[in-house]
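Only the coordinates and a few stated rules stand behind these numbers; no lab work does. Just so you know, these numbers come straight off a predicted model, no measurement behind them. Methodologically, a virtual Cβ is constructed for each residue, glycine included, from the backbone with ideal geometry; neighbour enumeration extends over all protein chains shown.
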Amino acid sequence: MKIKSTLLIVFFICSLGLSAQYFSLKRTDWTLGLSSHIVVDGGKEMNFPFQTKAWNFVPYPSRLTAEAYLVKGWSVQTELAYTQYKVGNILDNVATTKSGTYLGFDANAKFAMSHWTKKRGWFDPYLTFGYGYTMRSLAKNVHTGNSNLGLGCNFWIYEGFGLNLQGLGKFAWKGGTKSNYSHYSVALVYKFKP
């Protein structure tokens, strides 16, 4: 499993390198974001709206993102997220007896669906997928890699400022399906033009 995952990551990085002839750091758009987020880690994510004991969050922004636009609707985003598990919250179908920490780092590719319409307006939906690392101090497998798949949307409000909504399914590489979890975020974003 580790060899396959490593090969996939290497292939992904190499494929980005092939597009380097179209990509220049000096000419690319960069988007930075600061957000609040909820990690839904109860082991039964289909019950998200009803199982609030599986919601893990802190009352302040604790997720940072940086995104670089590549070419033809494609971009790459990195993310660093932190939150806490509170006593009594559900983690992988078990109530926690102590508080704990969540730390996640992800690298995702994004495809802007507005690329098909040839026009980006104030409403900018996208698909995202990638890989990440998760540290969950209370989980059976504290350190694990994960595959990500999700949807999101940017609402561009005023001269580079926007609101980002995103939902990701995170599929853990260790621990089976109960170790999978969902990650929802609301961010303020700013796009830098070259």
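Near the amide H of D92, under 5 Å away, which other amide H atoms are found, from residues 5 or more places off or on another chain, if H is placed in the peptide plane? Long-range HN contacts for D92: G42, G43. Within region 152-186, list the trypsin sites (Lys or Arg not before Pro) lying in a DSSP loop whose Cβ has at most 16 other Cβ atoms in a 10 Å radius. The qualifying sites are K174. Based on the Stokes-Einstein relation at 37 °C and a viscosity of 0.692 mPa s, and on the Kirkwood radius from alpha carbon pairs, region 31-184 is assigned a translational diffusion coefficient of 204 µm²/s. Label positions at Q84 and D29, each projected 7 Å from the Cα along the C-beta direction, are separated by 3.8 nm.
For region 92-174, a crude dipole built from +1 on the beta carbon of Lys and Arg and -1 on the beta carbon of Asp and Glu, taken about the Cα centre, is about 180 debye to the nearest 20.
Calculation over all alpha carbon pairs of region 86-152 in 10 angstrom steps from 0 returns a P(r) of 18, 32, 25, 17, 8, 0 percent. The chymotrypsin sites (Phe, Trp or Tyr not before Pro) of region 82-139 meeting both criteria, a DSSP state outside H, G, I, E and B (loop) and at most 16 other C-beta atoms within 10 angstrom of the site's C-beta, are W122.
Peptides 58-66, 181-189, 73-81 ordered by packing proxy, namely the average of other Cβ atoms within 10 Å per residue, highest first: 181-189, 73-81, 58-66. Derived scalar couplings between HN and Hα for region 151-166 equal 10, x, 7, 9, 10, 7, 9, 7, 6, x, 8, x, 10, 10, 10, 8 Hz in order, rounded to whole Hz, by the Karplus curve 6.51 cos²θ - 1.76 cosθ + 1.60 (θ = phi - 60°), x for Gly and Pro. Quick check on my link table: of K53/K170; K98/K170; K53/K178; K72/K178, which ones sit more than 26 Å apart, alpha carbon to alpha carbon? Flagged as over cut-off: K72/K178.
In order along region 55-72, phi translates into HN-Hα couplings of 7, 10, 7, 10, x, 9, x, 9, 9, 10, 9, 9, 10, 10, 6, 9, 7, 6 Hz, rounded to whole numbers, per the Karplus curve 6.51 cos²θ - 1.76 cosθ + 1.60 with θ = phi - 60° and x for Gly and Pro. Take every pair of alpha-carbon atoms less than 8 Å apart whose residues are at least six positions apart; their mean separation over the length of region 63-104 yields a relative contact order of 33 percent.
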